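To keep things clear, I will list the structure first and then write my remarks on it.
Throughout, read-outs are computed from the coordinates displayed, never taken from laboratory work. Keep in mind it's a predicted model, so treat the numbers as computed, not measured. FYI the Cβ positions are ideal-geometry reconstructions off the backbone, even for glycines, and counts take in every protein chain you see.
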Amino acid sequence: MGKTTGFMEYNRALPSSEKVDKRLHHFKEFILEDSSENLHNQSARCMDCGVPFCQNSCPLGNRIPEFNDAVFKGDDKKAYEILTSTNNFPEFTGRICPAPCEGSCVLGINSDPVTIEHLEKSIIEKAFSIGWVKPKIPVKQTGKIIAIIGSGPSGLACADELIEMGHQVIIFEKSDRIGGLLRYGIPDFKLEKSILDRRLNLMKQAGVIFKTNTEIGVDLSPEKLLLEYDAVVLCIGSQVPRDLKIEGRELNGIHFAMDFLSAVNKKIAGDKTLDWDLKEKNVLVIGGGDTGSDCIDNSNRMGANSIVQLEIFSKPPMTRSEDNPWPLWPMVLRSSSSHEEGAKREWCIATKRFLSEDGINVSGVETVEVSWEKDENGKYSMQEKVGSKKIIKCDYVFLAIGFIQPMLPGTLKELSLELGRHGNIADSNYHCKIDKLFVAGDARIGQSLVVNAIAEGRKVAESINDFLEENIVGQKNYSANPFAL
């Protein structure tokens, strides 16, 4: 396995980024190209560890030690083939995945983990530059047609798998462009849309049909789809945002984070102008996750005067705590590019009410410090600290506190889908209790990662293929009524 002493000879080293004062003037990706020498050295750090915990922690089951070894040996074609045998879109995950694989890297027990995500991105980008990435033209056609509702990562992965299996695929997207979260949720400085379009063009060449500006349940009934197609897949995500229903929520200037991120992406694409101006304004971001971080990046690029990010939970430790051992995901403090660019972070802060000086626009928030106490059963409860009330002035507030369930518009809601405890669509091996109807992605598992959505798309495609094969040979007698349970 590569260089057995590599992990002792080379330190973890990621490529450089543009300086903050330069990258704040544009919305493009700012990670600079890495050298071939560093890529070779980083792949050499991958240990012959016997049990690849990195691979076990990857939702896609990527064969990480194998493609690292191929990079080390200079066999870039083999590295590409290994990587894409399990991952449909490494150019996405190589940019925006939080890399759970690195959290379980054996080297991470007492050192810095292998730069797995960066190596993944480097492999696929080299493959694109050389011309190895081709459309997945099927060897034979089955004659079966599948409709996919939603063009986010799960829908695209499902389509990519099904088209290679020989099925015909059409994706329905309610927005004006294809990509879902990848298009309108991920900022361009993390994922330039030319990278997305490059992949979509390949899928079009393979035969995938994309139909935009079509909302199922509003523009087209799901009943019609179930009657006309051999299978229908709900890849509609978890788009109902978690709200903060406190006093003053109706004031102008308070927005869901995804509305803000989508608006900025549309402006960059030339589709529309922003409805708000952040220049010299004070911004408050409620929520300490990646979505909140993206709001900080965008706000800095739009000239905000100040940015404060609030997190209701405690500040994570710098290193693993005793109850968070390897190979579990390390619950440690992380700082993203947004914090490097400028923002004040505060932990254990709860928002009590929004304030206004004119009764129309938000001008501040009233907050209170909280503590988290563990009871005898190990459960934590939140306690407000007496006398810790504080006012934070702000002109804009972005709520980045997650999503709770899928959005079911119009007649899609009339399908009487069985929902789980948290509002997700229930299934049995990705198959709903309605004939020919399947579900995958965040709509099934709840708000999650892009890498999980891709894994979901791959798995639901396999389930659909099994269903169609069984139907062809007559092993199952499905009713002609799509609503027969």
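Give the percent of DSSP beta bridges with both residues in the chain that are antiparallel, rounded to the nearest 5. Walk me through the numbers on the way to the answer.
Working: 21 of 55 bridges.
In the chain, approximately 40 percent of DSSP beta bridges are antiparallel ones.
Starting from the Cα of Ser221, move 7 Å in the Cα-to-Cβ direction to define the label point; list residues of the range 407-430 whose amide nitrogen is under 20 Å from there.
Residues 408-418 fall inside that zone.
Could you tell me the center-to-center distance, by alpha carbons, between the range 103-174 and the range 388-410 in angstrom?
Each part reduced to its Cα centre gives a spacing of 32 Å.
Is it possible to state the helix-based mean residue ellipticity at 222 nm for the chain, with each DSSP H run of 4+ residues giving -39500 (n - 2.57), the sum divided by total residues, to the nearest 500 deg cm²/dmol? What is it?
-9500 deg cm²/dmol
Can you give the Rg and Dmax of the range 6-130 based on its C-alpha atoms, in angstrom?
14.3, 47
In whole percent, what relative contact order does the chain give with Cα contacts below 8 Å and a gap of six or more residues? Could you put the intermediate results ahead of the total?
On the way: 985 pairs, mean separation 77.6, N = 485.
Relative contact order of the chain: 16 percent.
Quick one: divide the alpha-carbon radius of gyration of the range 301-370 by 2.2 N^0.38 Å and tell me what you get. Don't jump to the answer; show the numbers that get you there.
Values: Rg = 16.3 Å, N = 70, 2.2 N^0.38 = 11.1 Å.
Normalised Rg, Cα atoms only: 1.48.
Can you find, among His431, Ile401, Leu226, the residue sitting farthest towards the positive end of the charge dipole of the chain, where Lys and Arg contribute +1 and Asp and Glu -1 at Cβ?
Going by the charge dipole, the pick is Leu226.
Rg and Dmax of the range 243-401, using alpha carbons, in Å: what are they?
17.1, 56
How large is the translational diffusion coefficient of the range 140-281 in µm² per second when you combine the Kirkwood radius over alpha carbon pairs with Stokes-Einstein at 37 °C and 0.692 mPa s?
194 µm²/s
If the chain between Asp243 and Glu322 were fully stretched, how many nm would it gain, using 0.36 nm times the residue separation less the Cα-Cα distance? Walk me through the numbers before you get to the answer.
On the way: separation 79, 0.36 × 79 = 28.44 nm, distance 3.40 nm.
This chain segment gains 25.0 nm when fully extended.
So if I place +1 on the C-beta of Lys and Arg and -1 on the C-beta of Asp and Glu, and nothing else carries charge, what would the dipole magnitude of the range 243-401 be about its Cα centre? I want it in debye, nearest 20. Write down the numbers at each step before the final one.
Values: 21 positive and 26 negative charges, 33 e Å.
Rounded to the nearest 20 debye, it is 160 debye.
Name the residue farthest towards the positive end of the dipole of the chain from the options Ile171, Ala13, Gly378, assuming +1 on Cβ of Lys and Arg, -1 on Cβ of Asp and Glu, about the Cα centre.
It is Ile171.
Calculate the spin-label point distance for Val139 paired with Ser336, positioning each point 7 Å from the Cα along the beta-carbon direction, and give it in nanometres.
4.3 nm
Under a point spin-label approximation (7 Å from Cα along Cα-to-Cβ), what is the Trp372-Arg353 distance to one decimal in nm?
Label at Trp372, label at Arg353, 2.8 nm between them.
Using Cβ contacts closer than 10 Å as the measure, can you line up Ile130, Ile64 from fewest to most?
Details: Ile130 11, Ile64 27.
Ranking Ile130, Ile64 by Cβ neighbours within 10 Å, fewest first, gives Ile130, Ile64.
Grab the beta carbon distance between Trp329 and Asn213, set R0 = 41 Å, and tell me the FRET efficiency rounded to 0.05. Numbers along the way, then the final one.
Working: r = 39 Å, r/R0 = 0.95.
FRET efficiency, Trp329 to Asn213: 0.60.
From the phi of every residue in the range 45-54, what ³J(HN,Hα) in whole Hz does the Karplus formula 6.51 cos²θ - 1.76 cosθ + 1.60 yield, where θ is phi - 60° and glycine or proline is x?
Taking θ as phi minus 60°, the curve returns 6, 5, 8, 7, 8, x, 10, x, 4, 4 Hz for the range 45-54.
Can you tell me the mean projection area, over all orientations, of the convex hull of the range 339-485's alpha carbons? Units nm², please. Kindly include the intermediate steps, with their values, before the conclusion.
On the way: hull surface 61.8 nm².
With every direction weighted equally, the projected area is 15.4 nm².
Starting from the amide H of Phe403, placed 1.01 Å from N in the peptide plane, find each other amide H under 5 Å away whose residue is 5 or more places distant or on another chain.
So Phe403 has HN proximity to Arg242.
Can you give the charge dipole size of the chain about its Cα centre, rounded to the nearest 20 debye, using +1 on the beta carbon of Lys and Arg and -1 on the beta carbon of Asp and Glu?
340 debye
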